[in-house]
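The values are calculated or read from the model by the stated rules, or taken from the named source; none is laboratory data. Worth saying up front: this structure is predicted, and the values here are computed from it rather than measured. Every residue, glycine as well, gets a Cβ built from its backbone with ideal geometry; the counts of neighbours run over all protein chains shown.
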Amino acid sequence: MPRFFVHVRSNGHCWSYDEFGLDFPDVETARRRTLRAAHDLIGVFAARGQDPRDHAVEIENEAGEVVWHMPFSELFLRDL
């Protein structure tokens, strides 16, 4: 099963770097799970006094290629 790494970036810099990754059957499954987890991170940013819209989440495959990227500001648009 392919391994994917989920990173959180802030203004182009890595805020949280996933060194271990998770196994998912495909990119779409990794994207759906990451999207659900990203909603939980909004509370983490709020607790730290940070604006989640300054951050983005991305998924990297085992080859180091970014296969999905989404700014947290788009999460707010999806919830409307």
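Looking only at region 4-14, filter to residues that are closer than 17 Å to Glu74 by Cβ and either in contact with a Pro (Cβ under 7 Å, 6 or more places away or on another chain) or surrounded by 14 or more Cβ atoms within 10 Å (Cβ to Cβ) (or both); which one of those is modelled with the lowest pLDDT? Before you say what the answer is, go through the steps one by one.
Kept after step one, since they are closer than 17 Å to Glu74 by Cβ, are these residues of region 4-14: 6-12.
After this cut, where a residue has to be either in contact with a Pro (Cβ under 7 Å, 6 or more places away or on another chain) or surrounded by 14 or more Cβ atoms within 10 Å (Cβ to Cβ) (or both) as well, the list is 6-10.
Numbers: Val6: 94, His7: 93, Val8: 91, Arg9: 89, Ser10: 84.
Out of the qualifying residues, it is Ser10.
Of the set (1) of a type outside the set (D, E, K, R); (2) assigned to a helix (DSSP H, G or I); (3) surrounded by 13 or more Cβ atoms within 10 Å (Cβ to Cβ), all apply to Val67 but (2). Just so you know, in region 40-77 the residues that are aromatic (Phe, Trp, Tyr) and within 12 Å of Ser10 (Cβ to Cβ) include one that is modelled with the highest pLDDT, and it is Phe72.
From the residues in region 15-30 that are at pLDDT 95 or above, of a type outside the set (A, V, I, L, M, F, W, C) and not in a strand (DSSP E or B), which one is farthest from Val57 (Cα to Cα)? Don't jump to the end; show me each part of the working.
Keep residues of region 15-30 that are at pLDDT 95 or above, which gives 20-30.
Now drop any that are not of a type outside the set (A, V, I, L, M, F, W, C), which leaves 21, 23, 25-26, 28-29.
From what's left, not in a strand (DSSP E or B): 21, 25-26, 28-29.
On the way: Gly21: 14, Pro25: 19, Asp26: 17, Glu28: 15, Thr29: 15 Å.
Of everything passing the filter in region 15-30, Pro25 is farthest from Val57 (Cα to Cα).
Within region 32-49, no residue satisfies the criterion of being more than 10 Å from the chain's Cα centre (by Cα) and closer than 13 Å to His7 by Cα.
For region 22-38, which positions are touching a residue at least 24 places away in the same chain (Cβ under 8 Å) and surrounded by 13 or more Cβ atoms within 10 Å (Cβ to Cβ)?
Hits for region 22-38 are Val27, Ala30, Arg31, Thr34, Leu35, Ala38.
Based on what the data block shows, is Phe4 in a strand (DSSP E or B), of a type outside the set (Val, Ile, Thr) and more than 10 Å from the chain's Cα centre (by Cα)? Step through it out loud before you land on a result.
Values: in a strand (DSSP E or B): yes; of a type outside the set (Val, Ile, Thr): yes; more than 10 Å from the chain's Cα centre (by Cα): yes.
Considered against the rule, which asks whether it is in a strand (DSSP E or B), of a type outside the set (Val, Ile, Thr) and more than 10 Å from the chain's Cα centre (by Cα), Phe4 comes out as yes.
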